[in-house]
Every structure is written in C-alpha cells, then in structure tokens.
Amino acid sequence: MVKGVFMASRNDMALAVAIIGAGQMARQMIAVLVKLGRPITAIYSRSPERAQKLAQEFNLNSTIVYDSLLNLWEHDDAHYVYIASPNYTHARFALDAMYHGRDVIVETAMVLSVKELADIEHAIRSEKRIFMEANNVFFSPLIKKLARSMPDDTDGHMQIGRVGIIDVKSCRQNQDRQFFAGNTMTGGGAVAEVAAYPLAAAVALLGNDLKLLFSDVKFDDNARDLSGFAYFTNEANTRVCVKYSIEDSLPNVLYLGGNHGYIAIYEYHRTYIYRRVEQGKEPQMIDIMPDIVAEYDLDPQKFNNFRDVALAVQILDFEKAVAAGYEHCYAEDLTNYTRSMTVVRLVAQILAEANNLHLEVKQSEVPQVTR
C-alpha cells in the first residue's frame, strides 16, 4: 500500500469502485466515473508510480494507490472493481476479485481460452457475483437501440422494413499489422484482436441463436491469422456476413438491409449517428445522442462526446445489474454473461471451420449455460 486516507463500509460505498490498471483505458473510464460522481477508492497497478500520477491527474486525493492486490482485497471497501489491465491478466484478476467478494466489470477480451471461460462461470455461480465484459459493441447505445427496434421498429428509428441482410466489417486501421499478428500480450492475430467486434454486433442485433453456414480464415507464412469471414443465419432467415482483418485499412462499417431501404453505420461500435436510406426518399442522418443522454439522465454539459457517453452507459448498465443482484440477473437469466460467451464460442467455430486449422475442444471443457 503506497498511501491512503479513505475507508468506509461496504454498504456506504455501494457505488464506489476500485480500479485495476493504470493505462489509457483506465484513464478514460476514471474520467467518466468522476463525471458521474462515483468515489474511486483504490487504484492498483504493477507500476505504482503510474497509478499515483493517474490519481493526481484527476485530483483523487482520497484514493489509495496499492502495489499489492492482496492489500487491496484486505483493506479496500469498494463494492466492485473495474479491470483494465493487459488482456492476459483479465481472467486471473477477475477470478481473484470475485473470490474476494467483489462484483466485476472487465475490459474486452475477458478471457483468452475456454478454460478461463469455464473458471469465470464457476466463480459467478459459486460466489454469486455480477460479472460483465465492458464490450463496447454490446454496450453501444446505438447498437442497443437498433436491436430493440429489430423485431417491429416500435420507436420508428429503422423504417427500412424487415431486415434480411446484415453486413458487418471490422479491422485495425492505421495500426502495425505485425504487432497484432504476433503480439502475445494482446493474444495476436485477426481472430483475437478484431473478430469479436463484428460477431458481437451480429449477436447483439439478432440474439444468441445464430447458425454458422460457412467460414474461412487467411493465414500468413507463419500461420498467423490475418483475416477471415463467416456467414450466419437465424430462424427468421436473416443472413449475416461478418468480415474482419488486421491487414486491410477498411472502415469499420455495419449495413442493415431491409425490404424498404437500408441503414449504414460507420465505426458502428462507437457512434451515435447513422444514415438511413428509404426507397424513394433522400438519405437521412439520424443522431440519437440526445435520446441516449436523456434516457440515462446524463448531464449534457458533462457528457457531450460519444466516447464518454458510451463509457457512462457501460457503467450505469453494470451498476443497474449490481443493484438488482445475482438472483435477478444470473440465477435464471444469464443474458448479460452469455452474450460474451457466445462471441467466444462463435470465434471458436470460425477457427474450427477454417481450412488451415483444426481446433478440437473437449466437451468437458466447454462451459454449460443453463437458461
């Protein structure tokens, strides 16, 4: 423990949060937590100096900076933890947090293996904790709003008729391909780095019951996956084409094609504006940010950019689940958790179908979800 002047009971600090990690994502989330008025009781980092600078940057005078997770678990009273450490530590820190009585929100990717996935589910059930992945596709206000209108367009934002085709692409733009292809800190490769985003968009819009029709992955000479695609369908016969790449500099774009027009969304996982084109009408730009700010009762003076609003939505949705409790959120309905599990499983299916790779997963290793 480096410094500290702040202690409180768990009941008094129901909305307080402890931070694990002191990088750029942690900085962005802390800025939003401060705007929301959330007490930040602790920051842990392998580099206490970085954590200390972060606390000073946001004038977190009552925040304790820890150089030991054991000390944080013993002395900190925040009800939940936000994990923004390197990907390979996410599952380990999340398990540690749950076994020490904390609810957990963790940055994507929440796990890097099926074994970690099974361990997380076991901890959720045994400790009865709330666990969510801060996946910016599932929490995207725009994707959530469009998903609610998919069945019958009750809010009038779609107006393109029944959606029959979804085309979604994701890539790493202006990035070093070799870094993502071979970096063990991030997981490496197109599947690990990019595929979860378009897959998550498809699942968020259509639900978990997607059937894989065909998929393929392109590899380089070192067997690193560079790009891939997959075709899905569902019971309503909506066709989904998912493409992802770390070698192409293409826009991250989502198209929804209906029998009366289409919707085009660029940077779909972090935007509030999309273009709707109806048959016989001029294209219309739709801005839903005012609706989201009003829905979540955010201060428009503080929340005036898409990034902060998106992060606030993640926090508020997670805190709503924490307030509802395990029995309401997980005992019977695991939707908040299975959404992320579905992404991992679909990625595994893509790999299994790839011409150049055979992926064998023992049935005993696959976590079973009870609905």
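The values are calculated or read from the model by the stated rules, or taken from the named source; none is laboratory data. From a predicted model like this one, the values you see are computed outputs, not experimental measurements. So basically every Cβ, Gly included, is an ideal-geometry build from the backbone, and we count neighbours across all protein chains shown. When the accessible area is computed, the model is the full protein with side chains, heavy atoms only, and any ligands, DNA or RNA have been set aside. Shrake-Rupley method; radii C 1.70, N 1.55, O 1.52, S 1.80 Å.
Given labels modelled 7 Å from the Cα in the Cβ direction, how far is it in nm from Lys53 to Ala294?
4.3
State the percent of C-alpha pairs, over all pairs in the range 39-117, separated by a distance greater than 16 angstrom.
Working: 1594 of 3081 pairs.
Result: 52 percent of Cα pairs exceed 16 Å.
Please turn the phi angles of the range 54-71 into ³J(HN,Hα) values with the Karplus equation 6.51 cos²θ - 1.76 cosθ + 1.60 (θ = phi - 60°), one per residue in order, whole Hz, x for glycine and proline.
Running phi through 6.51 cos²θ - 1.76 cosθ + 1.60 with θ = phi - 60° gives 5, 4, 5, 4, 9, 6, 8, 5, 9, 7, 8, 9, 10, 10, 9, 5, 4, 5 Hz.
To one decimal place, what Kirkwood hydrodynamic radius in Å is obtained for the range 208-342 from all pairs of distinct Cα atoms? Walk me through the intermediate numbers first.
Values: mean 1/r = 0.0540 Å⁻¹.
Result for the range 208-342 stands at 18.5 Å.
Once the piece of chain linking Ala118 and Ala31 is laid out straight, how much longer is it, given 0.36 nm per residue of separation minus the C-alpha distance between them?
Working: separation 87, 0.36 × 87 = 31.32 nm, distance 3.27 nm.
Here the answer is 28.0 nm.
Within the accessible area of the range 45-171, what % is carbon and sulfur when the probe is 1.4 Å and the other protein chains stay in place? Spell out each step's value before the answer.
On the way: 2460 of 4910 Å².
The value for the range 45-171 is 50 percent carbon and sulfur by accessible area.
Taking amide H positions as placed 1.01 Å from N in the peptide plane, with prolines and chain starts having none, which residues 5 or more places from Phe219, or on another chain, fall under 5 Å of its amide H?
Sorted by chain and number, the residues that satisfy this are Leu226.
Just list whichever of Lys53/Lys320; Lys169/Lys211; Lys211/Lys243; Lys144/Lys169; Lys144/Lys320 have alpha carbons separated by over 22 Å in the model shown.
Lys53/Lys320
Which of the peptides 234-243, 133-142, 19-28 is most tightly packed, and how do the rest follow, going by the mean number of other Cβ atoms within 10 Å of each residue? Mind showing how you got there, number by number?
Details: 234-243: 17.0, 133-142: 24.3, 19-28: 20.3.
Packing proxy ranking, top to bottom: 133-142, 19-28, 234-243.
Leaving out same-chain residues fewer than 8 places away, which lysines sit with a Cα under 22 Å from that of Lys115?
Correct list for Lys115: Lys128, Lys362.
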